[in-house]
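Asks: What follows is a structure written as structure tokens; I'll ask about it next.
The values are calculated or read from the model by the stated rules, or taken from the named source; none is laboratory data. As the structure is a computational prediction, the values presented were derived from the model and not from experiment. Methodologically, a virtual Cβ is constructed for each residue, glycine included, from the backbone with ideal geometry; neighbour enumeration extends over all protein chains shown. Heads up: the accessible areas ignore ligands, DNA and RNA and are worked out on the full protein's heavy atoms, side chains in. Shrake-Rupley method; radii C 1.70, N 1.55, O 1.52, S 1.80 Å.
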Amino acid sequence: MTHHFGVLIPSTNTTVEAELARLPSGYQAHFARLLTSTPGQPFSPSRDEDIDYQSKLLGTAKVAMVLLMQTSASLFAEDYDQTVSLRMSAAANGVPATTSARAVGRALRALGVHRIGLVSPYSEQVNVRARHYFAKKHGLDIAAVEGFAATDSYLIGTLGPENAREAFARIDRPEIDAYMVPGANFPTMASIAAWEREFNKPVVTSTQAALWAMARELGGDPISGYGRLLEQMPAD
């Protein structure tokens, strides 16, 4: 059985399609792109009308779930996850929908970790929002933050795994239970397993967590090679 799912990404994202091309044959992603609601603010939420229209088109492909791969969008309003998930679901014939930010928070809790090292490609301003969001919405203790201070999505797409690996090394200490790497335009999938082996801690990223949320919802099989989260498929 193949699980067909829809993926909404910002129009500037150059990474997610390549990341999801790594999936085994039991999973098939279908993509749509969104424009930002606030030109000049690259990490702000996408336009509601784009979300509605593109979710509707994904619904015509009979996808079983819709994922919004724009983690930063959830950081700008307290009720964004719930509101946008309802919009996506309604437009796509009532199928389940969620955001990558919500998936990251849920995934970390499912792994049973609490004290988190946040390794982020975002600017300092967006990292402040991320700390608040994950603490308030998901009860996580953000014990350390290391950012790459990217000013736009294009720059995030040019970052490499060595940026995250060096950041882990700078903030690593015994009391940190796991690492979080938000930002779906930052390529992570091929590196997660190596990071976990080196630092002996779970690593949860936006794209990986969204896949976990989808697989848990649709009853998909574990996916090997991309870290503990997808290999173990813990229930939340």
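Asks: In segment 63-71, is there at least one residue being over 23 Å from Gly105 (Cα atoms) and out of contact with any strand residue (DSSP E or B) (no Cβ under 7 Å at 6 or more places or on another chain)? Steps first, please.
Replies: Initially, segment 63-71 is screened for residues over 23 Å from Gly105 (Cα atoms), giving 63.
Subsequent filtering for residues that are out of contact with any strand residue (DSSP E or B) (no Cβ under 7 Å at 6 or more places or on another chain) retains none.
No: zero hits.
Asks: Same structure again: Taking interchain pairs and intrachain pairs at least six residues apart, which have beta carbon atoms under 7 angstrom, with the first residue in segment 17-44 and among the charged types (D, E, K, R) and the second surrounded by fewer than 19 Cβ atoms within 10 Å (Cβ to Cβ) and modelled with pLDDT of 90 or more?
Replies: Glu17/Phe31; Arg33/Ser11
Asks: Those residues that are in contact (Cβ under 8 Å) with a residue 24 or more places away in the chain and crowded, with 19+ Cβ neighbours inside 10 Å, I need them from segment 124-141; list them, please.
Replies: Val126, Ala130, Tyr133, Phe134, Leu140, listed by residue number.
Asks: Quickly run through segment 196-230 and pick out the residues that are part of a helix (DSSP H, G or I), out of contact with any Gly (no Cβ under 7 Å at 6 or more places or on another chain) and open to solvent by 10 Å² or more (accessible area, probe 1.4 Å).
Replies: Arg197, Glu198, Phe199, Arg216, Glu217, Leu218, Arg228
Asks: Return yes or no: is Met65 surrounded by 24 or more Cβ atoms within 10 Å (Cβ to Cβ) and touching a residue at least 12 places away in the same chain (Cβ under 8 Å)?
Replies: Considered against the rule, which asks whether it is surrounded by 24 or more Cβ atoms within 10 Å (Cβ to Cβ) and touching a residue at least 12 places away in the same chain (Cβ under 8 Å), Met65 comes out as no.
Asks: Another question about this same structure. Under 6 Å between Cβ atoms, which residue pairs at least 6 apart in sequence (or on different chains) link something in segment 185-205 that is farther than 12 Å from Gly225 by Cα and modelled with pLDDT of 95 or more with a partner that is among the charged types (D, E, K, R) and outside any loop (DSSP other than H, G, I, E, B)?
Replies: Pro202/Arg228; Val203/Glu196
Asks: Among Ala169, Ala149, which is of a type in the set (A, V, I, L, M, F, W, C) and open to solvent by less than 60 Å² (accessible area, probe 1.4 Å)?
Replies: After ruling out the rest, the residue left standing is Ala169.
Asks: Is there a residue in segment 11-28 that is open to solvent by 50 Å² or more (accessible area, probe 1.4 Å) and aromatic (Phe, Trp, Tyr)?
Replies: no
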